[in-house]
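Asker: Submitted below is the structure of interest, expressed as C-alpha cells.
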C-alpha cells in the first residue's frame, strides 16, 4: 500500500495552480489520479523553465504521481466518456465554475444518479449564493479581495501581493481536506456528496482569523489587523554577515534574551514585562532587536539563542535551502531521472506515516501519456479507445 488513499480513484478536471495542488496532495497520499486534460493541456505546462515543450518546472512539481488522459469535453464523445468513467470513480475534482460544468452535462446532478457514492468536489472563485457567483478568479484577485495586499502595505508602504501563489495553495489544501473528509463520511454512510470549496470565502477564513482583530467585537474595540504581524520591522534581522529569523515570544524568552544581551533591566520594564505590553510597544522592541542583532554574526546568534532555548534560524534563500543541513539529513530534496526530462530535483512528501507510507510513484506525465491505459482500466474497448485518442 503506497499511502492512506491507495485504491481511491480520482478524476481530476482541474488546471492551473489551485486544483492541481489539491489533486497533488491526494496523489501523494496514494490516490490514483487521472488528470483529465484538454487537447491543449494544462496551462501550467508552459509556465517556467523547461527542457521540452509542455513540461515546465511548475507543471512538474504540481503533477507528479498523476497520469494524464486527454478528453475533449467540448465534444459529445469526450463528455460521454467522462460520464462513463465517473460511474466507477470515487472522486471527481474540478475547478470550473459550476455553470460551466452544468453546460457540459457533468454536474453533480448529472452524475450522482449513476454513482451515488461519488464525492464531487468543486474549487472555484466564489460561493454560489452570492452576487460574485459567476465571476472568474485567480490567486492575485483573491488576495486583493480579502485585503492581503493592504495588510502587506502596512509594512511596505504600497499594497502588494505575497510572493507566492498563497491563495491557490491554501484553497487547494482546503479542497484536498474536504475530499478526504467526504470520503470518511462515505465510509460511514455509503453515500457520496457534492462539496464546494470557494476561493474567496476559504482564503478569507484563512486570513481574517488573525486580522479581524478589534472588529471581532461589536461594536469594534480597536482597529483591524494583528499589530505584530503587520509592523514594518517584523522581518528577518540583519546580522554582521547575513540575516537571522528569530521569535523572541514568551515571557521566558524575553527574560533570557535581555539577560543574554546585557540588558536584564528591560525585563522589568512595564512596556516589555508581558505579552500585552509588548504587543502595544512592538515597534520599540523590533527597533531594539534590529540594533542588537547587527553586533554579531549569524552563526554566533544562532548558537547563543539556541543555548538560551530561544527559537532562531539562519535565513535561507531558495538556493541555500537545498543545502540546509536539516533538509539534507531528512532527504527532503532528492534527485530522480525523469523518463523524458532527464535529471530532476524533487520536493519531498513532508509527512511520515508508520503504516501507510506514501511514496513517489509516477513522474509528472506528458500530455495524454496514459490516455489509452486509463481508458482501458475504466472499461473501454479497443475501438472506443482508438476513437477517443484520435487527435
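Asker: Go through the residues of segment 127-147 one by one and say whether even a single one is farther than 19 Å from residue 101 by Cα, touching a strand residue (DSSP E or B) at 6+ places or on another chain (Cβ under 9 Å) and in the same structural domain as residue 58 (by TED's automatic domain parsing).
Answerer: no
Asker: Can you tell me which residues in segment 324-348 are loosely packed, with under 11 Cβ neighbours inside 10 Å and free of Cβ contacts under 8 Å to residues at least 60 places away in the same chain?
Answerer: 325, 326, 329, 331, 335, 337, 339, 343
Asker: Would you say residue 20 is outside the structural domain of residue 65 (by TED's automatic domain parsing) and either in contact (Cβ under 8 Å) with a residue 60 or more places away in the chain or surrounded by 23 or more Cβ atoms within 10 Å (Cβ to Cβ) (or both)?
Answerer: no
Asker: Mind counting the residues in segment 359-391 that are in a loop (DSSP other than H, G, I, E, B) and modelled with pLDDT of 95 or more?
Answerer: Summing the residues that are in a loop (DSSP other than H, G, I, E, B) and modelled with pLDDT of 95 or more in segment 359-391 gives 12.
Asker: Another one. State whether one or more residues within segment 168-184 are part of a loop (DSSP other than H, G, I, E, B) and within 21 Å of residue 18 (Cβ to Cβ).
Answerer: Within segment 168-184 (the criterion being part of a loop (DSSP other than H, G, I, E, B) and within 21 Å of residue 18 (Cβ to Cβ)), the answer is no, since none of the residues qualifies.
Asker: Looking at segment 282-315 only, could you name the residues that are farther than 23 Å from residue 241 by Cβ and either surrounded by fewer than 16 Cβ atoms within 10 Å (Cβ to Cβ) or touching a residue at least 40 places away in the same chain (Cβ under 8 Å) (or both)?
Answerer: Correct list: 282, 283, 284, 309.
Asker: A further question follows. Scan segment 139-160 for residues that are crowded, with 16+ Cβ neighbours inside 10 Å and in a loop (DSSP other than H, G, I, E, B) and jot them down.
Answerer: 146, 147
Asker: Among the numbered conditions (1) within 20 Å of the chain's Cα centre (by Cα); (2) surrounded by 21 or more Cβ atoms within 10 Å (Cβ to Cβ); (3) under 30 Å from residue 333 (Cβ atoms), tell me where residue 47 comes up short.
Answerer: Just one mismatch for residue 47, condition (2).
Asker: Go over the candidates 225, 190 one by one and state the one that is in contact (Cβ under 8 Å) with a residue 60 or more places away in the chain and surrounded by 14 or more Cβ atoms within 10 Å (Cβ to Cβ).
Answerer: Residue meeting the stated conditions: 225.
Listed here are the residues, each with its yes/no results for (1) without any contact (Cβ under 8 Å) to a residue 60 or more places away in the chain; (2) under 27 Å from residue 188 (Cα atoms).
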residue	(1), (2)
83	yes, yes
90	no, yes
99	yes, no
112	no, yes
127	no, no
131	yes, no
148	yes, no
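Asker: Right, here's the next one. Being surrounded by fewer than 24 Cβ atoms within 10 Å (Cβ to Cβ), within 22 Å of residue 345 (Cα to Cα) and at pLDDT 95 or above narrows it down to one residue among 25, 62; which is it?
Answerer: 25
Asker: Looking only at segment 320-350, count every residue that is over 18 Å from residue 298 (Cα atoms), part of a helix (DSSP H, G or I) and out of contact with any helix residue (DSSP H, G or I) (no Cβ under 9 Å at 6 or more places or on another chain) and tell me the total.
Answerer: Selection size over segment 320-350: 3.
Asker: Additional query: Which of the residues belonging to segment 183-234 are out of contact with any helix residue (DSSP H, G or I) (no Cβ under 7 Å at 6 or more places or on another chain) and on the phi > 0 side of the Ramachandran plot?
Answerer: 190, 213
Asker: Go through 182, 165 for me and flag whichever is under 24 Å from residue 230 (Cβ atoms) and surrounded by 19 or more Cβ atoms within 10 Å (Cβ to Cβ).
Answerer: 165
Asker: Something else about it: Of the conditions (1) surrounded by 15 or more Cβ atoms within 10 Å (Cβ to Cβ); (2) within 30 Å of residue 108 (Cβ to Cβ); (3) touching a residue at least 60 places away in the same chain (Cβ under 8 Å), residue 230 fails just one. Which one is it?
Answerer: Residue 230 satisfies all of (1) surrounded by 15 or more Cβ atoms within 10 Å (Cβ to Cβ); (2) within 30 Å of residue 108 (Cβ to Cβ); (3) touching a residue at least 60 places away in the same chain (Cβ under 8 Å) except (2).
The values are calculated or read from the model by the stated rules, or taken from the named source; none is laboratory data. Only a predicted model underlies this, so the values are computations on that prediction, with no experimental measurement involved. Cβ sites come from the backbone with ideal geometry, for glycine too, and all protein chains shown count toward neighbours.
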